Amino acid sequence: MKIITISFIAYVIALSFIPLVHQLFVAQSAWLGYGTGAYAYQSPSYFVLFNDPYDGSSKPNIHVNPSFAPNERISIIEFSDWTSYVDGFNLFNDFNVTIRTSADGKTLNATYTRPGLILHKFIQLSSDTVQVKMIANKEVTAHVELWKWVMTSVNNVTIATAPKPMVIPTSTSINFTFNDQSSNAIGVGEISLSRVPTQIEVWPFENGFNRVTVDFINSEMTFTVSGSITEPGQASWSYGDLTYALPVIAILTVTAYLLVERHGQKNKDRINRSHS
Amino acid sequence: MDKRIKIVLTALIVRVAIAPFFMHAGDLGTIYESSAIALNGGNLYNFVYQQTLQMQYATGLPIFFEGYAYHPLLIYFFVPFYWAYTLIAGPSPSIIGGHFPSLPVLIYPWALVAIFMLKIPIILADVAVVYILSGIDLKKAELYAFCPYIIFISVVWGMFDAIVAVFLLLSYLTFNDKSSYALSGFTYGLSLVKLYTIVLLPLYVVRLWGKWKDLGKFLFGLAVTLLPVAYYWIVSPISFWNVLVGFQGSRVMGGVNLYNFVWIIEDVRFDLQMSMIPTILLVISVAVIVLAYGRRLPLLEAILAVMLVSFVFGKVLNEQFLVSIFPLMLLCKKCDTRLWVAPFIFIFLRSPFYYFAIPILWSSPYFYDLYFQADTVWRNLQTAGYLMMPMYAVGVAFSLLLLWNLIQVLSVSRPAGGMLSRSLSRVIRILRK
């Protein structure tokens, strides 16, 4: 029976490495679906999440993997379907959505449909940018909300100069600095727009802005997002470290089990001896 | 008062007092929704299959709607109580939604009545187990009646594994005293309301192999419970196959076991491929146990060995599954029943805060606000991965403890010299025939 226990322990430890193997050899640079229909893409420097059809947030949420903590995911900007509208229709509540990946797994295509209106969001990653391309089957009036807690400046506008929601001059580039509240890191982000929008507005929240809204009238708009961390925060535990932690936990747990089992056996032997 | 009656009544009172105020949103919501569909003459499997198709169409992924994926008989345990509830509360729904990740909407006070009514069959099953055990050993009956884990699963969450437990216990008892093989087959068939006891069928067949008359009686009893299966197989074969076989066969591994590491791998196709490993091991291990030990062990130990090995190697082991064999474990001298502590701890690590007291939390804006505050803390811990580490440790520990119990149970048989080779030669002989 000892051989069964030892084989089982080897099996437990071997399996505990599967998440790490997946992270290193399978998960890189392709859209992968999971959960109730969410998709994620891990490139060498960005992690992009596109949430499942039952959640209007993170459509997508673009994270950067900082060099000071490669497993950390620091959100640069989040597209929200909860608060975005096309022709007055809410992207989350008023459209049917289907999500598909391209054959090579490199492009995610979220298709929003309602009578008379079809809108695609194509999300693609290159080595240094993330592209979110919106294409409609006709010219539309769109209001897209981009969230980040918090942007300390947007196109050089700060909370000191814009204490209330403020329309800022339109351009094809939105540059912002941010302070990531969870990791305390400071970074910069840039969103390049393929066309000049009709309006860009910033919305104050606490010590900065927590969202930028972009309004445009067109059948197509591409948001090209890039970002980096300029001042590292504190490298701490992150969810991505779990892949390394699980084998350690497996080894510690089986060791504890073996110690308890040995102790129990010794006690049993002692009791048996005293009885005999 | 007779001590036996005292235990049974106390077990009943404890359960009735707790029942209306708690629920597992997903599972009890499924029973509520399914009872309504069944009472209105709807086809449960068509409903679940349509939801699955919708999810698969929306996401392009091989994922399944987690609804009614049980034996058709199960819902008939609940429908009479749901019907009685509608007589009191009327036909308007009082529990709306609740399939993960959505939160349910509850209509007061009727939601509390619905929750209570739907828990009655579970409470009766629990009390029946206590009654049967108390006829054998009062101490064991007490352990079952007041075990926090059993109470939590049955009446806090409202999961129906106690129904599996009582029928499995009856099947064992009637088989063991040779009183009625037909009744044993019938009660075994009823225990299949949750499909994980299917692994015991080869064991029963092996035990009766050669006693053709008894085997015939057993299979007849079993066949009676399969009539609804035959009905759905004829009227909606695609839905039925997809919901029962497709869903159960294509589930991603995980639960209170060593396989829950898969929850951190964000890739459902890879997860499904990995889930083949435990499925293959399950088939092999059950075959080996049945063939090598099926007739050599006493029946109780043989049943426990097969169930334990299916829990060790089976890909899905939810917190509540242990309830089904807990009465049998109490009867077995070799088992350590303190094992329940592991799934009980796991419940608190895995489940969102609202799973513990929805009817109370949803009853006032003040409580609802408290829920949001607590839930924020819980979600922060979860998204940081802090809960996953203890969950994995508990899963591995529970698998090891199950294995330990399995080895203890197997030790009841004679020393196993050349056991594997004998079992393999037995397989070859059967194949030749």
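The values are calculated or read from the model by the stated rules, or taken from the named source; none is laboratory data. Everything numeric here is computed off the predicted structure, so don't read it as measured data. With ideal geometry, Cβ positions are generated from the backbone for all residues, glycine too; neighbour counts draw on all protein chains shown.
A few notes on this one:
- Condition met for B:LEU190 (within 14 Å of the chain's Cα centre (by Cα) and not aromatic (Phe, Trp, Tyr)): yes
- Assessment of the range B:398-415 against the conditions (within 22 Å of B:ALA305 (Cα to Cα), modelled with pLDDT under 90, basic (Lys, Arg) and over 25 Å from the mean Cα position of the chain (by Cα)) yields at least one matching residue.
- Scanning the range A:51-77 for residues being closer than 24 Å to A:VAL154 by Cβ and out of contact with any His (no Cβ under 9 Å at 6 or more places or on another chain) gives a total of 12.
- Cβ-Cβ under 6 Å pairs, at least 6 apart or on other chains, the range A:52-75 side at positive phi, far side of a type in the set (D, E, K, R) and buried (at least 17 other Cβ atoms within 10 Å of the Cβ): A:SER58/A:GLU78
- Residues (without any contact (Cβ under 8 Å) to a residue 24 or more places away in the chain, more than 10 Å from chain B (Cβ to nearest Cβ) and closer than 29 Å to B:HIS99 by Cα) located in the range A:15-51: A:ASN51
- Strands (runs of 3 or more DSSP E) contained entirely in the range A:31-140, each with at least 2 residues that are among the β-branched types (Val, Ile, Thr) and either modelled with pLDDT under 95 or more than 29 Å from A:ALA185 (Cα to Cα) (or both): A:74-86, A:96-101, A:107-114
- In this entry, B:GLY249 is excluded by the filter for residues that are out of contact with any helix residue (DSSP H, G or I) (no Cβ under 6 Å at 6 or more places or on another chain) and modelled with pLDDT of 95 or more.
- Subset tally (residues that are at negative phi and more than 8 Å from chain A (Cβ to nearest Cβ)) for the range B:250-278: 13
- When each of B:VAL283, B:VAL312 is tested for being within 13 Å of another protein chain (Cβ to nearest Cβ) and either under 30 Å from B:SER134 (Cβ atoms) or not hydroxyl-bearing (Ser, Thr, Tyr) (or both), the lone residue that passes is B:VAL312.
- Residue list for the range A:257-276, filter: exposed (fewer than 10 other Cβ atoms within 10 Å of the Cβ) and among the hydroxyl-bearing types (Ser, Thr, Tyr): A:SER274, A:SER276
- Taken together, the criteria place B:ALA223 among residues that are over 18 Å from the mean Cα position of the chain (by Cα), of a type in the set (Gly, Ala, Ser) and modelled with pLDDT of 95 or more.
- Selection from the range A:101-145 of residues that are among the hydroxyl-bearing types (Ser, Thr, Tyr) and out of contact with any His (no Cβ under 7 Å at 6 or more places or on another chain): A:THR101, A:SER102, A:THR107, A:TYR112, A:THR113, A:SER126, A:SER127, A:THR129, A:THR141
- Counted as qualifying within the range B:260-355 are the helices (runs of 4 or more DSSP H) with 1 or more residues that are closer than 30 Å to B:ILE122 by Cα, namely B:276-293, B:299-313, B:322-331, B:341-350.
- Any hit, the range A:110-120, residues being touching a residue at least 12 places away in the same chain (Cβ under 8 Å) and closer than 30 Å to A:SER182 by Cα: yes
- Yes/no for B:LEU219 being within 29 Å of B:VAL166 (Cβ to Cβ), part of a helix (DSSP H, G or I) and within 14 Å of another protein chain (Cβ to nearest Cβ): no
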